[in-house]
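The values are calculated or read from the model by the stated rules, or taken from the named source; none is laboratory data. Predicted, not measured: the structure shown is a model, and the values here were computed from it. Cβ sites come from the backbone with ideal geometry, for glycine too, and all protein chains shown count toward neighbours. Surface areas here come from the heavy atoms of the whole protein model, side chains and all, with no ligands, DNA or RNA. Shrake-Rupley method; radii C 1.70, N 1.55, O 1.52, S 1.80 Å.
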Amino acid sequence: MSDSPTLGITGVTGTIGGQVARLLAEAGESLVLLARNQAKAPELPRAVVRPADYGNRNLCEHSLEGIETLFMVSGRESENRMEEHHSFIDAAAAAGVRHIVYTSFMGAAPDATFTLARDHYATEEYIKAAGVSYTFLRDCLYLDFIDAMIGDDGVIRGPAANGAVAGVAQADVVACTVAVLRDPAAHAGVTYTLTGPEALTMAQIAHIVSTVRGTHVTFHNETIPEAYDSRRKWPAPEWQYDAWVSTYTAIAAGEMEHVTDDVETLTGRRPLSLKDVLLGSRA
Ligand SMILES: NC(=O)c1ccc[n+]([C@@H]2O[C@H](COP(=O)([O-])OP(=O)(O)OC[C@H]3O[C@@H](n4cnc5c(N)ncnc54)[C@H](OP(=O)(O)O)[C@@H]3O)[C@@H](O)[C@H]2O)c1
């Protein structure tokens, strides 16, 4: 595989990985696109597609042969996501990958209020222990997902109280990732926290959505039991309810409010705001 590309991109059938791959291909990079469903991978110039399901250790080790720098998009949330991450990182280390760029979450820590941020911390630690060089991109809440937080009745419900969140546009996460992948050595050992330009309370978010869309969106500050009850109409395992509810309690605890200048440092421009994202700006 000596003439093969040495830059591997996962998540290419999804939003972040797909856009990162497209921008890098447009910039002339040769890529290995790693997809668990190869048929869904985008067709890009100078790109080869190889199979990679994080939980399949042997398959991934083979597909990662010759890769020096790997962009690892965090896997779909599931009961065994951590085992899948470990398996994939083991495969990368065994295949000789030198640098992993990983999409983590703001405030990743063993005692983070947002339960999935604990898993991201554990994944970061596993990558460090694997002995490869790394860059962690700790994303705040995606501004693009605000719409999904609004109920059919125009109400955002959750125990976020007056806490604020410095949500980041996926387009900015993509731009930062591309900047890192084009010169990984310059970002080795660095953890970036990617936020938007401002921290907004859920009430402010509701107001901005209402103003931009001309609709009536409000915020209801649920109690924690109320939050679990209102989500039980969607059948899900208990860890999923914990993740959904703790997204809001983490905001209430102030764990997503700190605005950083990391997006501007990496891209050279001010990050997109919620209003920009609602208006469809892609920067
Ligand atoms: N910061 C936030 O607000 C926030 C919110 C939600 C999610 N996230 C995290 O950010 C990541 C990227 O976001 P996104 O919008 O790009 O997600 P997305 O569109 O759902 O894409 C996820 C990508 O990861 C691939 N993938 C998932 N599990 C995998 C596995 N076990 N093995 C191999 N590939 C796997 C998917 O492949 P398939 O097409 O085969 O499924 C897809 O290509 C998500 O995966 C999630 O972990 C962050």
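Observations, loosely collected:
- Scanning segment 26-41 for residues that are assigned to a helix (DSSP H, G or I), touching a residue at least 24 places away in the same chain (Cβ under 8 Å), open to solvent by less than 20 Å² (accessible area, probe 1.4 Å) and among the aliphatic types (A, V, I, L, M) turns up nothing.
- Scan of segment 83-109 for residues that are closer than 27 Å to Ser246 by Cα, under 16 Å from the mean Cα position of the chain (by Cα) and outside any loop (DSSP other than H, G, I, E, B), ordered by number: His85, Val101, Tyr102, Thr103, Ser104, Phe105
- The set of residues in segment 205-225 being of a type outside the set (A, V, I, L, M) and under 15 Å from Asp276 (Cα atoms) consists of His207, Ser210, Thr211, Arg213.
Residue by residue, here is whether (1) within 23 Å of the chain's Cα centre (by Cα); (2) touching a residue at least 60 places away in the same chain (Cβ under 8 Å) holds:
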{"position": "Glu226", "(1), (2)": "no, yes"}
{"position": "Asp229", "(1), (2)": "no, no"}
{"position": "Lys233", "(1), (2)": "no, no"}
{"position": "Pro237", "(1), (2)": "yes, yes"}
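- Leading residue by the ranking (nearest to Pro5 (Cα to Cα)) among those in segment 30-40 that are under 19 Å from the mean Cα position of the chain (by Cα) and within 9 Å of the ligand (Cβ to nearest atom): Leu34
- Number of positions in segment 141-170 that are surrounded by 23 or more Cβ atoms within 10 Å (Cβ to Cβ) and within 14 Å of Leu278 (Cα to Cα): 4
- Residues that are touching a residue at least 40 places away in the same chain (Cβ under 8 Å) and part of a loop (DSSP other than H, G, I, E, B), drawn from segment 55-82: Leu64, Glu65, Gly66, Ile67, Glu68, Val73, Ser74, Glu77, Glu79
- Residue, surrounded by the fewest Cβ atoms within 10 Å (Cβ to Cβ), within segment 66-84, restricted to residues that are away from the ligand (no atom under 12 Å from the Cβ) and of a type outside the set (D, E, K, R): Gly66
- Residue in segment 228-254 that is most open to solvent (accessible area, probe 1.4 Å), counting only those that are charged (D, E, K, R) and under 22 Å from Ile150 (Cβ atoms): Lys233
- For segment 1-25, a residue qualifies if it is within 14 Å of the ligand (Cβ to nearest atom) and either in contact with a Cys (Cβ under 8 Å, 6 or more places away or on another chain) or part of a helix (DSSP H, G or I) (or both), and the qualifying residues are Thr15, Ile16, Gly17, Gly18, Gln19, Val20, Ala21, Arg22, Leu23.
The rows are residues; the columns are (1) open to solvent by less than 10 Å² (accessible area, probe 1.4 Å); (2) over 20 Å from Asp139 (Cα atoms); (3) modelled with pLDDT of 95 or more.
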| residue | (1), (2), (3) |
| --- | --- |
| His86 | no, yes, yes |
| Ala91 | yes, yes, yes |
| Ile100 | yes, no, yes |
| Thr113 | no, no, yes |
| Asp119 | no, no, yes |
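- Pair list, Cβ < 9 Å and 6+ apart or interchain, from segment 165-193 residues that are away from the ligand (no atom under 14 Å from the Cβ) and outside any helix (DSSP H, G or I) to residues that are open to solvent by 10 Å² or more (accessible area, probe 1.4 Å) and among the aromatic types (Phe, Trp, Tyr): Ala188/Tyr134; Gly189/Tyr134; Val190/Tyr134; Thr191/Tyr134
- Residue check, Ala122 in contact with a strand residue (DSSP E or B) (Cβ under 7 Å, 6 or more places away or on another chain), closer than 20 Å to Leu194 by Cα, in a helix (DSSP H, G or I) and not polar (S, T, N, Q): no
- All conditions in (1) within 14 Å of the chain's Cα centre (by Cα); (2) at pLDDT below 95; (3) charged (D, E, K, R) hold for Asp147, with the sole exception of (1).
- Evaluation of His207 against (1) in contact with a helix residue (DSSP H, G or I) (Cβ under 8 Å, 6 or more places away or on another chain); (2) outside any loop (DSSP other than H, G, I, E, B) (one fails), failing number: (1)
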